[in-house]
Amino acid sequence: MSNISNTLIEREGVAAVQQCLTRMGWIFRENSHTDYGIDGDVEQVMDDKPTNLHIALQIKSGPSYLKENKDGNITFYIDEWHYKYWLQSDRPVLILFYDNVNDRVIWEQVKLRNIQTTNSQYKIVINPTKILNKDCLLELNDIIATHQPQHFYELTDEYNDFEFSHYCYQELNRSIGESCNDVLHFREGIKHQGVSLNSAIIKSLINDLADRTQSRTTREYEWLHKGCWYLQTMAQHIDPFLFTMLVECVDEYITIIDYNTTIWQGIVNDISKLFHPNVPNDIQQCAGRCITIIEDRFATYELVKGEYQKCIRITKERK
C-alpha cells in the first residue's frame, strides 16, 4: 500500500473515532504535534457538562492491524518504550483500531492487567466484538474512575543499601495490615445490613473500600518497586556466602504478596455476590468499580513478583 493510501486510511480512522465519540456526547481533540504514541484525547462529559477528566487515544487504521489469531482475537504488539510510556500516563490510554471494511472502531484499554509479556516485547489481545459506541459509556466512566499510573522509577545509588529495602518491606507490611482492617470493616458493615439492604450505606461501604484500596495500591507498588531495585543490584554483586540471605529476603517479599492476594481474592468473591438481579444497578456499578481496582492491584503484584523472582534467577546464574 502506498504512503498516500496509508495516510488516507489513517485520516479515515481519526475521523471515525471522532464521529463515534461525538455521538456518545464526549469531546474529541486530535493531537496536532508529532505523534509520540498518543494521537488524540477525549474528555468525559457528565450531565451535558465537561468534567476535565480525559482519556488518551492511540488510533490504528487499516487491515494490517486487524488480523485475527486462531481464537478470533486481534493481537497488538507493544515495544518497551510504548509499554512504559502508556502505563505511566497520568490519563488512561485506549488503543483503537479502525476497521474500514466494516466501518467500526474496535478498542481496548492499555493497562497492566490487559498486557502479556512475550520473549522480547509485550502484547495486548483485543476482542473484535468490543466496539466503540454508546454502550461503552459506563465502562469508559469506570476506566477514568479506576485509573492508576504504573510508574517505572528511575532509581539511583542513594537507594543502594539494605536498610532502604527493609524500610520498603516494613512500609508494605504496615500497609497490608491496614488493608486487611479495611476488609474486616467492610465485611462487618455488610453483615450488619442483614437481608434488608440500605442502598446508600452499601454504596458508601463499597466506595470507601475502593478508594482506600486504590490509594494503598499506588504506595505499595512504589515501595515494592524501589525495594526490588536494590535486591536486584545486590543479586548481581553480592558475595557468595550471602546468597542464602538474599533468597530468604526475596521469598519473604513474595510470601507477603501472595498472602495479601489471597485475602483480597476472598473479598472479590464476596463483592461478586452483589451481581444479582435483586440488587439495584447503582450498587452493582459500585461493586464493578471496586472489583476492577482490586484486580488491578493483583496485576501490580504479579508484575513486581516477576521482578523479585528475577532476583533469584540472577543469583542462581552467578552461583
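The values are calculated or read from the model by the stated rules, or taken from the named source; none is laboratory data. Treat the numbers as computed from the prediction; the structure is a model and nothing was measured. Cβ placement follows ideal geometry from the backbone for every residue including glycine, while neighbour counts extend to all protein chains displayed.
Candidates LEU140, LEU112, LEU96: the one that is outside the structural domain of LEU224 (by TED's automatic domain parsing) and in contact with a Pro (Cβ under 9 Å, 6 or more places away or on another chain) is LEU140. Within the range 66-84, the set of residues being outside any strand (DSSP E or B) and surrounded by fewer than 18 Cβ atoms within 10 Å (Cβ to Cβ) comprises LYS67, ASN69, LYS70, ASP71, GLY72, ASN73, ASP79, GLU80, TRP81, LYS84.
As a summary of the residue check, PHE97 satisfies the conditions (1) more than 16 Å from the chain's Cα centre (by Cα); (2) within 21 Å of ASP296 (Cβ to Cβ); (3) of a type in the set (Phe, Trp, Tyr) except for the one numbered (2).
Just one of the listed residues (THR146, THR129) is buried (at least 17 other Cβ atoms within 10 Å of the Cβ), closer than 26 Å to MET24 by Cα and not acidic (Asp, Glu), namely THR146. The residues of the range 174-197 that are among the hydroxyl-bearing types (Ser, Thr, Tyr) and either outside the structural domain of ASP270 (by TED's automatic domain parsing) or modelled with pLDDT of 80 or more (or both), listed by number, are SER175, SER179.
Here's the yes/no breakdown for (1) assigned to a helix (DSSP H, G or I); (2) modelled with pLDDT of 70 or more; (3) under 22 Å from the mean Cα position of the chain (by Cα):
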site: LEU224; (1), (2), (3): yes, yes, yes
site: TYR230; (1), (2), (3): yes, no, no
site: PHE241; (1), (2), (3): yes, no, no
site: GLU248; (1), (2), (3): yes, yes, no
site: ASP251; (1), (2), (3): yes, yes, no
site: ILE263; (1), (2), (3): yes, yes, yes
site: GLY266; (1), (2), (3): yes, yes, yes
site: ASN269; (1), (2), (3): yes, yes, yes
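Give the residues of the range 43-66 that are of a type outside the set (Ser, Thr, Tyr) and modelled with pLDDT under 85, sorted by residue number. GLY62, PRO63, LEU66, listed by residue number. Which of the residues spanning the range 188-222 are farther than 28 Å from LEU112 by Cα and assigned to a helix (DSSP H, G or I)? Selection gives GLU188, GLY189, ILE190, LYS191, SER199, ALA200, ILE201, ILE202.
List the pairs whose first member sits in the range 43-65 and is basic (Lys, Arg), whose second member is part of a helix (DSSP H, G or I), and whose Cβ atoms are under 8 Å apart, counting only residues at least 6 apart or on separate chains? From residues that are basic (Lys, Arg), the pairs are LYS60/GLY13.
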